[in-house]
Structures are given as structure tokens and as C-alpha cells.
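One structure is given here, and the rest of the page talks about it.
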Amino acid sequence: MYRLTALAISLFLFFGAYHTAEASEISTSSLINDLQKGGYILYVRHGDATVGVDQPDFSLTDCSTQRNLSAVGKEQAEKYGHAIRKLNIPVHFPVEASPLCRTLQTAQIAFGAQNVKENTFWLNIYKLSQNLDTENINSTIQAFTNEVEQTSPANSNRLIVAHSFPNGLGLGELSSMETVIIKPLGDHKGYQVVGKLKLEDVLQQAGMS
């Protein structure tokens, strides 16, 4: 477990691989207990999205040009939101979501449309999977660090519904509805990944599996 820093980013850029902070040995139940106290960021990948395809010239306002949530993905989002509430994990509203339909819908199904706001910044994580040059990758990862090192509201958790990272970069590859638990360390201090929870882990802790 270690901070994502500019030095680490440079190492990735020069040597072609940057490994994110590994989850600690803390138990799942202990992670849930910590989340109930607040002060963390929950970075969640959207639900299963196997309907359609992202067209090269997709429109953010036209879901038919994008890959969308499947029936399974919608069910995952509904269960996730219910589990978070059942576990008494406080979430700061509004929840943030990338502007793609699959991320917005995941957040809206899980937490209610009135409790979700679109944040176009998270679309930059989606773009990391494209053929970006070194400068753009560096800029995006540094901007991500700046975003998640900011401390969360007291007694609550910031929740972001967005995209998986490419393998070996940022938070790494994530499965549908997988949650990365981030501890912000403050301005210019970076962040720590303290754990990762797959959807089945969250459901199990909530007695829903």
C-alpha cells in the first residue's frame, strides 16, 4: 500500500508498468466498520454493460450510440444501493457519475436520480483506454490524484461511479460494480488504497448473498 505520486507516475511512463497500491490485509468486516465512520472515497465501476457498443463518434446525450447497462447491470446497481443503505454506510450526496449513460444509470438506480450529479471529469478515466500519448496519460493520472487526495466530508463518504482503469495504471482493472476504497491524505499528499470490494463481498456483508 502506498501513495500514488508524481514519481510513481514517472516510473510508469518510463518503464511501461505502474502497479497501484495493493489492498491491505484488513478484513472485509473491518473495512465496512471503517466506512460506517466516514472519511473515505468509494470509487465504483458501473454495472454490467453488454448492450450496444461505444461508437467512435458517440453522443453523451444519445444512449443508442453507447454501450449500455444490461438487465444484469441494472439489477447489480439496485442491489448495490440497497446493500450500502442496509450496511449503514453514510454517502455524501450528490453521488458523482461519469456522463456516459451506463455510469449515470448505475448511480441513479442505486441512489435515486435526485441524488446524482454528472461530473465530466470522470470521462477522462474512460479515455485512458484509448491510444493516448505519454503526456495525456501523465496529465490524467495527476489530475486523478488531485481529485481523490481531497479529504471527504466528516462522517460521510464521497462516492464516485465511473470506469475501470487500464491494467497496471491508476486503480487498475475493475470488475462490474467493484468498489475501491480510497483514503484521501490531503492536498499534495496523495491517497491510499485501503481495500477493494467486489459486489459479492458487499452483498455478503449486507446479508444479501
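The values are calculated or read from the model by the stated rules, or taken from the named source; none is laboratory data. All values derive from a computational prediction rather than experimental measurement. FYI the Cβ positions are ideal-geometry reconstructions off the backbone, even for glycines, and counts take in every protein chain you see. Just the protein is used for accessible areas: all its heavy atoms, side chains included, with ligands, DNA and RNA removed. Shrake-Rupley method; radii C 1.70, N 1.55, O 1.52, S 1.80 Å.
Take the residues in segment 69-89 that are touching a residue at least 24 places away in the same chain (Cβ under 8 Å) and polar (S, T, N, Q); name whichever of them is least open to solvent (accessible area, probe 1.4 Å).
76
Scan segment 126-141 and give yes if some residue there is out of contact with any Lys or Arg (no Cβ under 7 Å at 6 or more places or on another chain) and on the phi > 0 side of the Ramachandran plot, otherwise no.
Within segment 126-141 (the criterion being out of contact with any Lys or Arg (no Cβ under 7 Å at 6 or more places or on another chain) and on the phi > 0 side of the Ramachandran plot), the answer is no, since none of the residues qualifies.
Return a yes/no flag: does segment 84-102 have any residue that is assigned to a helix (DSSP H, G or I), in contact with a Phe, Trp or Tyr (Cβ under 7 Å, 6 or more places away or on another chain) and at pLDDT 95 or above.
no
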